[in-house]
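The block underneath contains the structure these notes are about, expressed in structure tokens.
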Amino acid sequence: MKENREVVQIALEKQTSNKRVAPAKVAVRIKTDLQDIFVYNGASQYLVQTVLKELMPHVS
């Protein structure tokens, strides 16, 4: 069975929004000799876990 693939052009429209976005608040700050890491409220749990796993071998 052979599939025909087509390229379809799409265009995104600009959407104006009157909503005010609240600035993200820092939930945790991790400071070491080599790094200064800020974790903001709403950050992905997976991302935070990955950063902490990478940081652990470097922390004394």
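The values are calculated or read from the model by the stated rules, or taken from the named source; none is laboratory data. None of these values were measured; they are calculated from a predicted model. Here the Cβ positions follow ideal geometry from the backbone for every residue, glycine too, while neighbour counts run over all protein chains shown.
Every residue, every condition in (1) surrounded by 11 or more Cβ atoms within 10 Å (Cβ to Cβ); (2) assigned to a loop (DSSP other than H, G, I, E, B); (3) over 16 Å from the mean Cα position of the chain (by Cα); (4) on the phi > 0 side of the Ramachandran plot, yes or no:
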{"position": "10", "(1), (2), (3), (4)": "no, yes, yes, no"}
{"position": "13", "(1), (2), (3), (4)": "no, yes, yes, no"}
{"position": "19", "(1), (2), (3), (4)": "no, yes, yes, no"}
{"position": "34", "(1), (2), (3), (4)": "no, yes, yes, no"}
{"position": "38", "(1), (2), (3), (4)": "yes, no, no, no"}
{"position": "42", "(1), (2), (3), (4)": "no, yes, no, yes"}
Quiz item: What number of residues within the stretch 44-60 satisfy the criterion of being in a loop (DSSP other than H, G, I, E, B), at pLDDT below 85 and exposed (fewer than 10 other Cβ atoms within 10 Å of the Cβ)?
Solution: 1
